[in-house]
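These notes are about the structure you will find just below.
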Amino acid sequence: MNFKKDIKLNKFTNNTIWLILEKVFQLFLGLFVGVWTARYLGPTNFGILNYGASLIAFFTVICSLGLENVIIKYFINDPKKSNTFLFSAILMRLIVSLISIVIIYIIVSAIHYNEQLIITVITLQSLALIFQSFDTIDYWFQSKLMSKYVVLGKSIARLVVSIWKIYLLASGASLEFFALSSTIEAIVVSFVLGLFYFKLNNVKISFSKKHSKALLLDSYHFILSGLLVSLFTQIDKIMIANLIGQSSVGVFSVAANIAVLWYFVPLAVINSARPVILDNKKESNLKYEDNLKKLYAFIIWIGVFVSLVVTLLSYEIIHILYGTQYLKAAAPLAILTWSSVFSLLGSARNIWIVSENANKYTKYFFLMGIIVNFLLNYIFIGLFGIVGAAIATLMAQITTTIIAPLLFAKTKKSTQLMVCSVLLIGLIFKSKN
């Protein structure tokens, strides 16, 4: 038993290290190229680019079909049929992506009928949805704790896109070419992941209506909740654009981008812990809850540390990286960093949601969050500008992650586990035999 446990621990550790290395690599490239891009485009053009990304993010959730939250469970529980589950999921995502691109063009053309630049930029950005369908392969690698292949694929893609952006920056290219960056990245990732998958598996592409239906029946709760969470995380930029202007979207986006730079460590741990904790549920409920609390404790305490540092140094961070034209991003940055802690806890809680078959409740959590976010954005943006939008985001995240689950008997336990993890910081280091 100990030998088996050591193997699982080593796979978990190695998988986590690979995921962290990927994010570190992306962090350095992102900081260098991202900062250069923001300075080059200026707040207005950078705002248009991020406004488009916010609209696309809403449809990205639709196109994902919520499968990222459930498909790993199918890979683990029925590994012999994982190939069919995988390609059935990809086919469904491809169909929805093509439909979404058409809808995006129609909506944007109607809203911005006299702004051709915005229409062109968002249409080019939307093409990424097609190739993002193949991201589903990522979850197969996660289920096997083999994320090094995903790391290699995404790192290659990020390097290609960074070279592309550097070329654009050096040649003084227009905004439309920058809009193609996300599509180029999605193309490279899908190609490399597909190459690795077929190299490791001597399988044929197969689809199943039965498996597709099973996946959708399990994931549709996450589609609805995903739409809601996407709306309340992106609505600030959309409302800022309409209430204040594109330039303010650019400044707010800088704060939002920096606030999540530290995500790579906790997200790597969450992604590696997911299959392990799901497997724990089948072995021992005590072990399952203990590991969940360890995960929550890790996220909370590393989040508090990072948020304190960023809050104290927010002005210096913005000034050094982005210059005086983005200094108004300092205050929102300090607030959004605290918001990111609750967002990460929500991501970790999805493991509990799937394990306890409480999928249907997620849409209620995010519905409450979006109501809070919309109302507070409407009030606070007018009073405090982009600082008000940051406050609204923080309150919405607290509502969704902590308050909303307490209102349902079935989900109270998820918040209780989080509270216990705050009090038991030693769980991060403790190991049970």
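Numbers for the structure displayed
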quantity	calculated
Matching entry among K165, K154 (being under 30 Å from D279 (Cα atoms), part of a helix (DSSP H, G or I) and among the charged types (D, E, K, R))	K154
Listing of helices (runs of 4 or more DSSP H) fully contained in region 232-324 that carry 1 or more residues being open to solvent by 30 Å² or more (accessible area, probe 1.4 Å) and either free of Cβ contacts under 8 Å to residues at least 12 places away in the same chain or touching a His at 6+ places or on another chain (Cβ under 7 Å) (or both)	264-283, 285-322
Qualifying residue in region 145-154 (condition: touching a Phe, Trp or Tyr at 6+ places or on another chain (Cβ under 8 Å), of a type in the set (K, R) and over 30 Å from I106 (Cα atoms))	yes
Options L86, L129, L65; residue that is in contact with a Cys (Cβ under 8 Å, 6 or more places away or on another chain) and crowded, with 22+ Cβ neighbours inside 10 Å	L129
Given (1) among the aromatic types (F, W, Y); (2) closer than 18 Å to V422 by Cβ; (3) open to solvent by less than 20 Å² (accessible area, probe 1.4 Å), index of the condition F342 fails	(3)
Matching residues, region 377-391, being open to solvent by less than 40 Å² (accessible area, probe 1.4 Å) and assigned to a helix (DSSP H, G or I)	N377, I381, I386, G388, A389, A390
Residue within region 159-178 that is among the polar types (S, T, N, Q) and within 18 Å of the chain's Cα centre (by Cα) present	no
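Rundown of residues vs (1) open to solvent by 20 Å² or more (accessible area, probe 1.4 Å); (2) in contact with an Asp or Glu (Cβ under 8 Å, 6 or more places away or on another chain), yes/no style:
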{"residue": "N114", "(1), (2)": "yes, no"}
{"residue": "I119", "(1), (2)": "no, no"}
{"residue": "Q142", "(1), (2)": "no, no"}
{"residue": "V150", "(1), (2)": "no, yes"}
{"residue": "S162", "(1), (2)": "no, no"}
{"residue": "G172", "(1), (2)": "yes, no"}
{"residue": "E176", "(1), (2)": "yes, no"}
{"residue": "V192", "(1), (2)": "no, no"}
{"residue": "K204", "(1), (2)": "yes, no"}
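The values are calculated or read from the model by the stated rules, or taken from the named source; none is laboratory data. On a predicted model such as this, the values are computed, not experimentally measured, just so you know. Neighbour counts are summed over all protein chains in view; Cβ atoms, including those assigned to glycine, are modelled from backbone coordinates with ideal geometry. Only protein heavy atoms, including side chains, enter the accessible area calculation; ligands, DNA and RNA are left aside. Shrake-Rupley method; radii C 1.70, N 1.55, O 1.52, S 1.80 Å.
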